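One structure is given here, and the rest of the page talks about it.
Quick note: the coordinates plus some simple rules give every number you see, no bench work behind them. Only a predicted model underlies this, so the values are computations on that prediction, with no experimental measurement involved. Neighbour counts are summed over all protein chains in view; Cβ atoms, including those assigned to glycine, are modelled from backbone coordinates with ideal geometry.
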Amino acid sequence: MVWTTEWAPTDTELNACVRCGLCLPHCPTFRLTGDEAASPRGRLNAMSAVAAGVVELDAAFDEVISSCLQCRACESACPSLVSFGRAMEGARVEVATERPRGRRLRSRALGRWIGKRWMVRAATLAAVLAQRVGRWVVPRRLRAGVGGLRRLPIRRSSVLGYESPLGDETVGLLAGCVMDPWFGGASEATIALLEQAGYRVLVPKSQTCCGALAAHEGLADDAARMAGVNTAAFSAVDRVVANAAGCSAHLSEYSRWGAPGLQDRVSDALHLVVAAISDGRLPTLETTGERVAVQDPCHHQHALGMTEESRAIVRAAGYQPIDVDPTGMCCGAAGSYSIVRPETSAMLGRAKASEVEATRCGIVASANPGCEMQLRSHIDSRVRVAHPLELYAEALGVTPQSR
Ligand code: SF4
Ligand code: SF4
């Protein structure tokens, strides 16, 4: 065994794979390349080879691991229930410890600094500048991303520190690292709908990024630290909710990161809103007949098993939900993937945008900021990209009560 950390893939995780290959057609990187090393089975084989001491933790292994989108489509397809996500997170921690200094700095920038508010503020300022002058100053390889930035609804107001005046059960909202400044409308809609459903919503200022980006970069200590900060920040609430699919999925696996006190109280915001629609606390509006394309974030589909919730909310808002892609391929956003591998990310983003455009819908609903940015980068600018909770709050005409 050449693994060096406690996070390494376990024998149980690796031996669960029977090499059947049923996951291969569901893997975006295998479909793009046809390369076994870019498939779930190939990546598990590489991890097993390292575990057996046959292969070094070298740059070639790093490439096999880092080219994975961590979309977990392979997990949904796997009949042997291989915990691919956990094995991949463990492998990333291992490769992160062996990387050369330059590459380590990049990982830290992507995974650690995003949890710092000053860094998010600086990135927001850069995004605002890019919205105005991006075409002339931004390198060509990042231009697709800037296309998305140009359509970001960046706001000055923040929901951090928000507290509902009334309500029974207390719900703490994870504001997220970029969700608050870049998609504040979705958070305001979430607060408004939860209040209408009878909850008292708090958005503690002491919270931080959920830690998903740190975990994706293999920065286990940072992911564990962020999990600890959030567990303390949300200690006084009955439930913790997130309205971004990636954050919800990561919060629901906090015990993995040494913070077991929170994950039993975690709910995706869509779950709570759908429950309130089902028991009549929130209304279902008469249908307008307008069609809305629904894009399922990977972490909803494959990590949390949620596919109906976005559609139920879009329907309750009076729209007709339209499926985008029955195969559920990743849009290519995948945390920091669009920054570190812009070409592959753009190929997947364009494919997803084409699928949405083929529905001929004027609106596409997506419940994850990364997917929203990716869609905004690649889709026809006449198509509106919105969070399903935003569409529903807008249709009901509700806003947060203490605003
Ligand atoms: S997580 Fe996604 S990209 Fe990675 S191996 Fe599985 S299906 Fe392929
Ligand atoms: S990960 Fe699952 S589906 Fe893929 S080869 Fe292994 S056992 Fe088969």
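Would you mind checking segment 193-216 for residues with the amide N under 14 Å from a putative spin-label position 7 Å along Cα→C-beta of THR170? Hits in segment 193-216 for THR170 at 14 Å: 199-206.
Ranked by the mean number of other Cβ atoms within 10 Å per residue, highest first, peptides 165-171, 38-44 order as 38-44, 165-171.
So which GluC sites (Glu not before Pro) in segment 35-92 are both in a DSSP loop and have at most 14 other Cβ atoms within 10 Å of their Cβ?
Values: sites: GLU36, GLU56, GLU63, GLU75, GLU89; in loops: GLU56.
In loop regions of segment 35-92 (DSSP not H, G, I, E or B), the sparsely surrounded GluC sites (Glu not before Pro) are GLU56.
Given R0 = 51 Å, the distance between the Cβ atoms of LEU32 and GLU163 translates into a calculated FRET efficiency of 0.65.
Applying a 4.7 Å Cβ-Cβ cutoff to the chain leaves CYS17, CYS20, CYS27, CYS68, CYS78, CYS331, CYS361, CYS371 as cysteine residues with no disulfide-compatible partner. Around the amide H of GLN70, modelled in the peptide plane, lies no amide H under 5 Å away from a residue 5 or more places distant or on another chain. The angle separating the long axis of helix 184-196 from the principal Cα axis of greatest extent in the chain is about 60 degrees.
Here's the picture: a label point sits 7 Å out from the Cα of GLU286 along the beta-carbon direction, and within segment 295-318 the residues with their amide nitrogen under 18 Å of it are 315-318. An oblate overall shape is assigned to segment 1-68, the ratio a/c of its alpha-carbon gyration tensor axes (a ≥ b ≥ c) being 1.5 or greater and a/b not exceeding b/c. The C-alpha atoms of the chain define a longest principal axis, and helix 369-378 lies at about 90 degrees to it. Each residue in LEU24, LEU213 was given a count of other beta-carbon atoms within 10 angstrom of its own, and listing them fewest first yields LEU24, LEU213.
So if R0 is 51 Å, what FRET efficiency would ALA59 and ASP279 give, r being the distance between their Cβ atoms, rounded to the nearest 0.05?
0.40
Show me the ranking of peptides 218-229, 183-194, 354-365 by mean Cβ neighbours inside 10 Å, starting with the highest.
Ranking the peptides 218-229, 183-194, 354-365 by packing returns 183-194, 218-229, 354-365.
With only the Cα atoms considered, the chain has a convex hull volume of 133 Å³ per residue. From helices alone, the chain scores -14000 deg cm²/dmol at 222 nm; the rule is -39500 (n - 2.57) for each run of n ≥ 4 DSSP H residues, then divide by the residue total.
Would you please give the residues with an amide H less than 5 Å from that of VAL266, counting only those at least 5 places away or on a separate chain, with H modeled from the backbone geometry? Here VAL240 satisfy the definition.
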